[in-house]
Amino acid sequence: MSDSHGSTPAAWTTVAIMFVGFLIAGIAVPFSLPWLFVVGLVVVVVGAVVGKVLQMASAGDSDDGHPDKPEVGEHDASYHESGAHGTGPGRHRHDN
């Protein structure tokens, strides 16, 4: 899993396309143009499909060059053994 928090080309493209679709659909409502509303919804669906295709084409996960980076939930034993997690000067380490 990536630490990008969605900041990928796939995510940005998806959001941009879907935003335009919602904008088109939103403009159609006060002008009572049902055909334009449907066009907006189609653009939203196209945005979702484009986003999924880009994600599968690996534009959804940027490789930061750290293949040995631990996944979320994995712990580095040397980090815990070193006391680097808040046991600096003025703090005491207590083993329970």
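The values are calculated or read from the model by the stated rules, or taken from the named source; none is laboratory data. All values reported here derive from a predicted model rather than from experimental measurement. When we count neighbours, we look across all protein chains shown, and the Cβ atoms used for this are built from the backbone with ideal geometry, even at glycine. We work out accessible area using only protein heavy atoms, side chains counted, and drop any ligands, DNA or RNA first. Shrake-Rupley method; radii C 1.70, N 1.55, O 1.52, S 1.80 Å.
Observations on the model:
- Flag if Pro89 is more than 18 Å from Gly6 (Cα to Cα), open to solvent by 60 Å² or more (accessible area, probe 1.4 Å) and at pLDDT 95 or above: no
- The number of residues in the range 28-62 being β-branched (Val, Ile, Thr) and at positive phi comes to 0.
- Restricting the range 3-41 to residues that are touching a residue at least 40 places away in the same chain (Cβ under 8 Å) and part of a helix (DSSP H, G or I), the residue that is least open to solvent (accessible area, probe 1.4 Å) is Ala10.
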